[in-house]
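Accompanying notes for the structure given below.
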Amino acid sequence: MLKNFNVVLGVTGGIAAYKACDIVSRLKKLNANVDVIMTKSATEMVHPNTFQALSQNPVITDIFSTPRYWDIEHISLAQKADILLVAPATANIIGKVANGIADDMLSTTIMASTAKIIFAPAMNTKMYENPILQQNIQKLAALGYGFIEPGSGRLACGDIGKGKLADVDDIIDFILEVTKHKPNRDLEGKKILVTAGPTKESIDPVRFITNHSTGKMGYSIVEAARDRGAEVTLVSGPTNICPPAGVEVIKVETTLDMYEAVMNSYADKDIIIKSAAVADYRPETVSKSKIKKSEGNLTLTLVRNPDILRTLGELKGDRILVGFAAESDHVLENAKAKIVKKNLDFIVANDITEDGAGFGVDTNIVHLIDKNGEIEKIDQSTKLEIAHRILDKVKKFEK
């Protein structure tokens, strides 16, 4: 969504500096290029290597460090930026910029930049309410600088009041709004059910059967649908991903659990996207105690789990139903057969053997195949970008 878009993030020495890590991560998921400038105080809060790993770019901390480019570094970054975000922004950096002071890499880059500059203040309540700071904010706002209002609550110093760094979601939304990249709300009023992640089938209290799914694709669909105004219900198997804010989350373990949750939730939904990688089989019996190792082989008898997608296809009605096919052979042929067998509107098919596709990575390579025979290939893209493309396809099937 922010492909070929350059964000320079300035991190100053507030206690909220650690939250800037999440900002970088979110911007990277939106496919933005992020360069981070840290003040000396900020490096006392978070090590530059953290931002370097997240941004996949060197982090600038010293105006006198050896430059990455032959260009003068602060001028190079100032010219490169499409937007310059300072988060957290302390009273110190706001005061410097308001009074034309450029004595470190961040303040110098801000002074040299013609990009849109946005401050996300974070500080003690008394500092934020200080008339001098407020005058500085008003002065910069009158000159066209953007400000993201801080939140209220308990601060690190123990005070309660205004001064908390705005929620990361609000910061990202502000950037998307300002840069005209905010998704339209074309799914407003729609109810969407998304399944995501793997399922786990216990063998005994220690062991279980599962698969390599991490839930990244399904969670990206949930995030994209939420941002486009939908009311989203996520039925998720076990993952290490924090669910997007603002959605209903139903957590399950087994395929039978997921079947029950989906059957209890599908009736009032307009759109169902079944991206979970469920276990097709489960052990016929689950041992109540750990199965001890013996000299011989262990034989497990597996029984079929219910086919959630096929059941949904039988109950489909006027709903839009989307399935997934993670294949290693005959990808298109297997996916086309699944459309008919499961009564789908379209299917998202991918070859899990391809580099940059499949489980556990942030990118994917897919084909969108619909019931009318139309095939659309999406080359390697972030899973969030693909999520939006899937929802674009959903829109074409709306009645």
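Are there any pairs with C-beta distances below 6 angstrom linking a residue in segment 1-20 that is in a strand (DSSP E or B) to a residue that is among the polar types (S, T, N, Q), with the two at least 6 apart or on different chains, and if so which?
So the pair list comes out as 6/33.
Is it true that some residue in segment 19-42 is in the same structural domain as residue 97 (by TED's automatic domain parsing), of a type in the set (Asp, Glu) and crowded, with 21+ Cβ neighbours inside 10 Å?
yes
Determine, yes or no, whether residue 132 is modelled with pLDDT of 90 or more, surrounded by 14 or more Cβ atoms within 10 Å (Cβ to Cβ) and not assigned by TED's automatic domain parsing to the domain that holds residue 385. Spell out how you get there, then give the answer.
Values: modelled with pLDDT of 90 or more: yes; surrounded by 14 or more Cβ atoms within 10 Å (Cβ to Cβ): no; not assigned by TED's automatic domain parsing to the domain that holds residue 385: yes.
It is false that residue 132 is modelled with pLDDT of 90 or more, surrounded by 14 or more Cβ atoms within 10 Å (Cβ to Cβ) and not assigned by TED's automatic domain parsing to the domain that holds residue 385.
List the strands (runs of 3 or more DSSP E) inside segment 146-261, counting only whole elements, that have at least 1 residues being under 15 Å from the mean Cα position of the chain (by Cα) and buried (at least 16 other Cβ atoms within 10 Å of the Cβ).
Those strands (runs of 3 or more DSSP E) span 191-196, 231-236.
Residue check, residue 10 against (1) modelled with pLDDT under 90; (2) within 30 Å of residue 216 (Cα to Cα); (3) in contact with a strand residue (DSSP E or B) (Cβ under 6 Å, 6 or more places away or on another chain), all met but one. Which one?
So the condition that residue 10 fails would be (1).
Restricting the first residue to segment 229-248 and requiring it to be aliphatic (A, V, I, L, M), which pairs with a second residue that is part of a strand (DSSP E or B) meet a Cβ separation below 6 Å and a spacing of at least six or different chains?
Partner pairs satisfying both residue conditions: 230/192; 232/192; 234/194; 234/249; 235/195; 235/250; 247/232; 247/234.
Taking segment 269-298, which residues are of a type in the set (Gly, Ala, Ser), more than 17 Å from residue 252 (Cβ to Cβ) and surrounded by 11 or more Cβ atoms within 10 Å (Cβ to Cβ)? First the steps, then the outcome.
Here is the first cut: in segment 269-298, the ones of a type in the set (Gly, Ala, Ser) are 275-277, 279, 287, 289, 294, 296.
Remaining after also requiring more than 17 Å from residue 252 (Cβ to Cβ): 287, 289, 294, 296.
Within segment 269-298, just 287 meets the criteria.
The values are calculated or read from the model by the stated rules, or taken from the named source; none is laboratory data. Keep in mind it's a predicted model, so treat the numbers as computed, not measured. In this analysis, Cβ positions are derived from the backbone assuming ideal geometry, glycine residues included, and neighbour counts consider all displayed protein chains.
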